[in-house]
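Quick notes on the structure that follows.
Quick note: the coordinates plus some simple rules give every number you see, no bench work behind them. Every value quoted in this text rests on a predicted model; they were computed, and no experiment measured them. Don't worry about glycine lacking a Cβ; one is built from the backbone with ideal geometry, like all the others, and counts go over all protein chains shown.
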Amino acid sequence: MSWTALNTMNTHYLRPVAALALAGLLTACSTTSPDVVSRNDAQRMSTVVDATVLSSRPVVVEGSQSGIGGTAGAVVGGVAGSSVGGRREAVAVGVIGAVAGAVIGNAIERNATREDAVEIMLQLKGGERRAVVQAKGNEQFVPGEPVILVTTGGKVRVVKAPQGSQQVAPQPPRS
């Protein structure tokens, strides 16, 4: 079998693999939004604690790198590079394309999984203070307003307290 035929055959079979790898990258993107509840957390009892907002500020949750982006980028870059030039050039450009694709794929995955978030400083009834970082949702948190901390499966989210809830008065920290 000639190199050209082998290269064409490999490119033919690798394109669907590259497409599947990119699809995997896109499905790896998830949200930590307080407005979206995980399927695993549905129909589970949650612990609810009253608190008062002390302050809130915008933060960014760093993106993740599962390796899917780098793998997908390497496959796409390798396939694209291997189709350039003759036999010798195709191997060299294929390797360079795979390395460049992996770097670019990692960067894309990291940026695609970054989230705008908010850090909320809270005062509990007993005077204890807590901080929660969660993805930016539909609610804005104002100092002094009552909120509730909902804990399900070890994950905590802050939501505004229902109308008529008692407000927890901020107390000085305990020594």
Additional length obtainable on full extension of the chain from I148 to V59, 0.36 nm per residue less Cα span:
30.0 nm
Using modelled amide H (1.01 Å from N, peptide plane; none on Pro or chain starts), what sits under 5 Å from the amide H of A161, excluding residues fewer than 5 places away?
V147, I148
Place the peptides 69-78, 120-129, 97-106 in order of packing, highest mean first, counting for every residue the other Cβ atoms within 10 Å and averaging per peptide.
69-78, 97-106, 120-129
